[in-house]
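Structure, as structure tokens:
Values quoted throughout were computed directly from the atomic coordinates according to the rules given, and no laboratory measurement underlies them. Since we're looking at a predicted model, the values are computed, not measured. Cβ placement follows ideal geometry from the backbone for every residue including glycine, while neighbour counts extend to all protein chains displayed.
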């Protein structure tokens with residue numbers, strides 16, 4: 001499954017054997033939150049350019065789910081959700 005990861009940032013987190021499961025979840029959650037914020041910002045501009053944001057978000061969510069992290073707990077915490 002990890003061979004399908006396209007985003008280099010997500011791939012680096014997964015490949016880093018020095019990170020514990022909890023540390024991976026922390027890094028991936030931050031990366032996911034940043035990608036979601038960038039998508040919201042991009043959606044407000046007149047010319048939306050994905051620049052890999054969708055694959056970063058998808059890859060981070062896929063790995064978080066594989067690590068057993070419940071993504072639904074993080075939903076709805078902020079003022080804007082996708």
- Hull volume per residue for segment 2-68, using the convex hull of the C-alpha atoms, in Å³ is 68
- Query: What is the fewest-to-most order of 34, 16 by other Cβ atoms lying within 10 Å of their Cβ?
  - Reply: 16, 34
- Query: Full extension from residue 67 to residue 43: what is 0.36 nm times the residue separation minus their Cα-Cα distance, to one decimal in nm?
  - Reply: 5.7 nm
- Over segment 2-68, what is the relative contact order in whole percent, taking alpha-carbon pairs under 8 Å and six or more residues apart? 44
- Query: residue 6 to residue 23: extension gain in nm, 0.36 nm per residue of separation minus the Cα-Cα distance?
  - Reply: 4.1 nm
